[in-house]
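What follows is a single structure, written as structure tokens, with notes after it.
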Amino acid sequence: MDKKAVNVGGSVSGAPYSPGIVTGNLVFVSGQVPMDPATKEVVRNDFEGAVRQCIVNVECVLKAAGTDLEHCVKVLVFLQDMDNFSRLNKVYNEYFGEVRPARSCVQVARLPLDVDVEIEAIAVLPS
């Protein structure tokens, strides 16, 4: 199998994974938490802002791989509290076009850095 790590401008600090992997015509984006990559600060106490930061981080990895949100075919959202589901959907709808990717959303007991949301994605490279 031919696979290539996606470089988004810096290494993942000691983490045993790549932010993204390209194989064939697919890009797999690792779960993105609401951390601003420039400041390393986590968005807290602002759920909608946290969702936006996660999506911006996903988009950054996709662009580094040569694709974008429009080419997403699958998204997986992890929520710390499923009561935020409608709030997630409101923000999510701002970013994805008319044909939205397939999506799963699950509640988990705890996320890395004790964040409220984490988002991962799979996208197709444009031909």
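Rule-based calculations on the coordinates, nothing more; no lab input. Values in this document were obtained by computation on a predicted structure and should not be read as measured data. When we count neighbours, we look across all protein chains shown, and the Cβ atoms used for this are built from the backbone with ideal geometry, even at glycine.
Listing for the model above:
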{"read-out": "Ordering of 115-123, 95-103, 74-82, 41-49 by burial proxy (mean other Cβ atoms within 10 Å per residue, highest first)", "value": "115-123, 74-82, 41-49, 95-103"}
{"read-out": "Most mobile listed residue (S30, S86, S18) in the chain, GNM with C-alpha springs under 10 Å", "value": "S86"}
{"read-out": "Count of Lys pairs (Cα-Cα under 22 Å; at least 8 positions apart or interchain) in the chain", "value": "7"}
{"read-out": "Global geometry of the stretch 24-110, whether rounded, prolate or oblate, following the gyration tensor of its Cα atoms and the 1.5 cut on a/c", "value": "oblate"}
{"read-out": "Label-point separation in nm, R103 to S86, each point 7 Å along Cα→Cβ", "value": "1.5 nm"}
{"read-out": "DSSP beta bridge pairing in the chain, given as percent antiparallel to the nearest 5", "value": "75 percent"}
{"read-out": "Segment K63-D46, extension gain: residue separation times 0.36 nm, minus the distance between their alpha carbons", "value": "3.6 nm"}
{"read-out": "Residue-averaged 222 nm ellipticity for the chain, from DSSP H runs of 4+ at -39500 (n - 2.57), nearest 500", "value": "-7000 deg cm²/dmol"}
{"read-out": "Principal-axis tilt of helix 47-65 within the chain, Cα atoms, nearest 10 degrees", "value": "0 degrees"}
